[in-house]
Amino acid sequence: MGKVWQKIKTNEVARFILSAGAGFLVDISTFSLFYHVLLTQKSYKILNAQISNYAVSFTVSFFLGVMVNFLMTKYVVFSQSKLAPFKQFIRFISVAIVGYFANLGVIEFMVKDMNVNPLIARPSAALSLFFASFFIHKVFSFSLSLRHHAVHADRK
């Protein structure tokens with residue numbers, strides 16, 4: 001187990017997977033809690049719009065997961081970034097907002113057009129967009145070079 005942990009500690013992608021996984025667990029747990037327990041109506045009227053239970057649940061859970069993911073990504077994955085923490089956060093949240101609408105679009109499509117249960121659609125949407133987020137956060141949110149990643153990976 002020690003060798004496995006050592007490899008994870010030295011592998012940026014593995015640390016990102018752990019970070020994203022922690023955010024994902026917070027997201028999915030919160031989604032399930034809101035969808036099944038806290039929000040008992042099929043939809044809610046918010047700002048004059050009728051919003052489905054799963055969309056409200058997704059919104060709350062997504063942003064809680066993003067907060068966990070940001071903190072872990074900042075301190076565990078891309079800790080070598082020299083960009084000011086506030087800039088990192090603003091960039092990370094900007095990417096997250098784009099990801100939010102991409103996820104919501106995939107969820108809406110799966111639930112409404114494919115009749116997939118929201119509890120299946122939510123993780124499916126998240127996983128479908130996972131890989132792009134590593135590179136976007138590395139280059140944009142934390143201003144780190146992809147070249148550095150390639151060079152760093154060659155040293156192992």
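The numbers here are math on the coordinates, done by the rules we state, and not lab data. Being a predicted model, the structure only gives us computed values, none of them experimental. FYI the Cβ positions are ideal-geometry reconstructions off the backbone, even for glycines, and counts take in every protein chain you see.
The value for the chain of Rg(Cα) / (2.2 N^0.38 Å) is 1.15. Between A84 and Q6, the C-beta separation translates, for a Förster distance of 35 Å, into a calculated FRET efficiency of about 0.65. Note the angle between two axes, namely the Cα long axis of helix 53-72 and the longest principal axis of the Cα atoms of the chain, as a number of degrees from 0 to 90, rounded to the nearest 10. That works out to roughly 20 degrees. Of Y100, Y75, Y54, the sequence from fewest to most neighbouring Cβ atoms within 10 angstrom is Y75, Y100, Y54.
Provide K74, K87 in ascending order of the number of other Cβ atoms located within 10 Å of each residue's Cβ, fewest first.
Exposure proxy ranking, most exposed first: K87, K74.
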